[in-house]
Structure formats: C-alpha cells, structure tokens
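Novice: Provided herewith is a single structure, encoded as structure tokens, for subsequent inquiry.
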Amino acid sequence: MDAATFRQDFPEFASETIYPGPQVDFYLRVAEKLLPESRWGEMLPYAIELFVAHHLAIGRQNEQTAAVGAAPGAVKGPATSKAVDKVSVAYDAGAVALDDGGFWNLTTYGIRFLQLARLFGAGGVQL
C-alpha cells in the first residue's frame, strides 16, 4: 500500500496540503504493522485504507481544534444537538455508532473499519 493508491481510493484525502505525504505514510506503516495479513487476507488493503482514513480524520479534527487555540486531542463524542438563536438541530449518533466501538465511533471510517474487523475476527460459522 502506498499514499498514491490510498489517495486514489479515498479522494477526500487528496490534498497534500491538508494531509501531507509523510503523515499518510506514517499511518500506512502503523497499519501494516498492526493488521495481520493472515487475518484480513485479500481485504487487507481496504482495512489499511480505512485505518489510515480514520486516523487522518481524527488528526485533522485535532489540527482544527488547535488552530482556534483549544487543546488538541480532547476526547469528545459526536455532537447530538446544536442551537443558534431560534434554530436547533439534533442527530441520533447512537443510530450509527457501534456498541463498544469507542474510539472507532468517532469517524465513519472507524465505524466501517470496526464492522469489518468484527466480521474478520468472528471466525468460521458452523451450522
């Protein structure tokens, strides 16, 4: 897996300014060390890409937080409501979050990764 392939498959991360090559390469190396091919088989490249996308998205959130003077890395869940003047909106984050998903529930990439990891970690099925 290389950064060019990752950016082709996930074009939302195409900007080298927002997602520098060394940062993408770093998470690619981490994923390749943590995700065993023996478990993932032919799905390993997709699992690596989801892993990298999740970490890049979290990193971007931290950068944006730091840019406004707040402490990056603060743990917070998805916003479930927001009000401005007389207008408010709420989302049911629980409808898409995975039980015991923790950190992986913070991005759609993480949710997809964890769903896949649970499938591949479940083992064979006997009837």
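Novice: So between S15 and A67, what do we pick up on full extension, going 0.36 nm a residue minus the alpha carbon distance?
Specialist: Computed gain between S15 and A67 is 16.9 nm.
Novice: In nm, what is the difference between 0.36 nm times the number of residues separating F120 and M43 and their Cα-Cα distance?
Specialist: Between F120 and M43, full extension yields 26.8 nm more.
Each value in this text was obtained by applying a stated rule to the coordinates, not by laboratory testing. Computed from a predicted structure; not experimentally measured.
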